């Protein structure tokens, strides 16, 4: 079964109570994303988010075991 990505995004936004959303993107001379802002109104209040991207091509390593342990620790007291 193929999922329609546009329908999936609309469903996600609708579920959050977002009727409209303004998205601005900035790209560099290599067409790589530098900044993305999103603004809208949700059921729970205003949405105002900015994402900054940099260091494309930088090698990174992730310790997934440590990441899982940190996530489990941060949700241990949540109810």
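Quick note: the coordinates plus some simple rules give every number you see, no bench work behind them. On a predicted model such as this, the values are computed, not experimentally measured, just so you know. Here the Cβ positions follow ideal geometry from the backbone for every residue, glycine too, while neighbour counts run over all protein chains shown.
Label-to-label distance for residue 56 and residue 44 is 3.2 nm, based on points extended 7 Å past Cα in the beta-carbon direction.
Note on residue 67 and residue 24: the model spin-label points, each 7 Å out from Cα along the C-beta direction, lie 3.1 nm apart.
Approximating the spin labels as points 7 Å out from Cα along Cα→Cβ, the residue 31-to-residue 1 distance works out to 3.4 nm.
Computed over the Cα atoms of the stretch 5-74, the ratio of the radius of gyration to the Kirkwood radius (Rg/Rh) comes to 1.09.
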